[in-house]
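J.: My questions all concern the structure below.
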Amino acid sequence: MELSKSQTTNFNKLQKRLLRSMGQAITDFNMIEEGDRIMVCLSGGKDSYTLLNLLLTLQNYSSVNYELIAVNLDQKQPGFPETVLPTYLQGLGIEHRIVEEDTYSIVKEKIPAGKTTCALCSRLRRGILYRTAKELNCTKVALGHHRDDIIETMFLNMFFGGKMKAMPPKLVSDDGENIVIRPLAYCREKDIARFATLKEFPIIPCNLCGSQENLQRQSIKEILQNWDKQFPGRIESIYRSMANIVPSHMTDINLFDFKNIKADGTPREDGDKAFDPPEFPPLDASGNEFNEADLLNIVAI
């Protein structure tokens, strides 16, 4: 795609914004360290292409030395264009590995027609990728989940799992042998989508689950997208709240010792303010001042 001068300027701003967001997440969570060998999981979707591209770009400017190896899991889905990713990665000149495992047949055999395949597919894929990371002597496994994925996961767990749980930017894998990082944790999906379009990545759709239009995650995504259109700044506020948790004002007795609290006459920063009005930041995500109508819209669901 040949860009005009103004389009090039906008693209450069977009790339800088994504790099700045990714760099901040990497710093905040100490995701990448000297000598790391990072396995970048490449699915063929917009998110993982963007992740790889930004990590390669950052590698040229970072004072921290790290290696990248791109890994794709070919799950033997019918019609999967198996030459697309090897051709793309060879063009980049990056170390890569294509792992072939027929998880498609397993999922189709185990899951009844019309039922959601994502859970089993994800579990099988995760196990194979963790094993591959160890085989390749990787110290980190990088996934392409972004800010919107993290928020959607929180709402999914709230609505359907009864938990205040999201998708952490950094964690130890369930096998206890891998560190998983999500460098795009601060990046907005709409920025990633625009970046992928302008870069003309050879996107590969997921035919195994892509046709399941009524997935719970898709419903949550649509709710959040509507909020983002109607109430600019709401999604940013939700995401900020995930890093500003006040255990004394929740109801988890394992996080706060409610049973033994006592009034000792000492003023407390986390004391009860039940009669105080809700606290709102003075500016929205665009830097505009909130007015009374905005505040009513924000709290109205």
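The values are calculated or read from the model by the stated rules, or taken from the named source; none is laboratory data. Every value quoted in this text rests on a predicted model; they were computed, and no experiment measured them. As a convention, Cβ positions derive from the backbone with ideal geometry for all residues, glycine included, and neighbour counts pool all protein chains shown.
J.: Quick check on my filter: what residues within the stretch 205-231 are modelled with pLDDT of 90 or more and surrounded by 15 or more Cβ atoms within 10 Å (Cβ to Cβ)?
T.: Ile220, Lys221, Leu224, Trp227, Asp228, Phe231
J.: Could you please find all residues in the stretch 103-126 being farther than 27 Å from Tyr186 by Cβ, touching a residue at least 24 places away in the same chain (Cβ under 8 Å), assigned to a helix (DSSP H, G or I) and not hydrophobic (A, V, I, L, M, F, W, C)?
T.: Within the stretch 103-126, Thr103, Tyr104, Ser105 meet the criteria.
J.: Determine whether the stretch 141-157 contains at least one residue that is part of a loop (DSSP other than H, G, I, E, B), over 25 Å from Thr27 (Cα atoms) and not β-branched (Val, Ile, Thr).
T.: For the stretch 141-157, residues part of a loop (DSSP other than H, G, I, E, B), over 25 Å from Thr27 (Cα atoms) and not β-branched (Val, Ile, Thr): absent.
J.: On to the next question. Based on what the data block shows, is Cys138 surrounded by 15 or more Cβ atoms within 10 Å (Cβ to Cβ), among the hydrophobic types (A, V, I, L, M, F, W, C) and in contact with a Lys or Arg (Cβ under 8 Å, 6 or more places away or on another chain)?
T.: So Cys138 fits the description; yes.
J.: Yes or no: Asp28 under 20 Å from Leu198 (Cβ atoms) and modelled with pLDDT of 95 or more?
T.: no
J.: Something else now. Restricting to the stretch 84-135, and then to whatever is of a type in the set (Ser, Thr, Tyr) and buried (at least 16 other Cβ atoms within 10 Å of the Cβ), can you tell me which residue is nearest to Asp175 (Cα to Cα)?
T.: Per the stated criteria, the residue is Tyr130.
J.: Could you tell me which numbered condition Glu34 fails, if it satisfies all but one of (1) farther than 23 Å from Gly127 by Cβ; (2) under 22 Å from the mean Cα position of the chain (by Cα); (3) free of Cβ contacts under 8 Å to residues at least 40 places away in the same chain?
T.: Going through the list (1) farther than 23 Å from Gly127 by Cβ; (2) under 22 Å from the mean Cα position of the chain (by Cα); (3) free of Cβ contacts under 8 Å to residues at least 40 places away in the same chain, Glu34 breaks only (2).
J.: Counting just the residues of the stretch 143-202 that are among the β-branched types (Val, Ile, Thr) and out of contact with any helix residue (DSSP H, G or I) (no Cβ under 7 Å at 6 or more places or on another chain), which one comes out farthest from Leu55 (Cα to Cα)?
T.: Thr153
J.: Search the stretch 237-250 for residues that are closer than 14 Å to Met154 by Cβ and pair each with any residue that is assigned to a helix (DSSP H, G or I) when their beta-carbon atoms are under 7 Å apart and the residues are at least 6 apart or on different chains.
T.: Short answer, once both residue conditions are applied: Ile238/Ile151; Tyr239/Arg147; Tyr239/Ile151; Met242/Met154.
J.: Just to be sure before I move on: is Gly79 surrounded by fewer than 15 Cβ atoms within 10 Å (Cβ to Cβ) and in the same structural domain as Gly144 (by TED's automatic domain parsing) in the structure I sent?
T.: Yes: the conditions hold for Gly79.
J.: Which one is nearest to the chain's Cα centre (by Cα), of the residues in the stretch 234-273 that are surrounded by 10 or more Cβ atoms within 10 Å (Cβ to Cβ) and hydroxyl-bearing (Ser, Thr, Tyr)?
T.: If we take residues in the stretch 234-273 being surrounded by 10 or more Cβ atoms within 10 Å (Cβ to Cβ) and hydroxyl-bearing (Ser, Thr, Tyr), then Tyr239 is nearest to the chain's Cα centre (by Cα).
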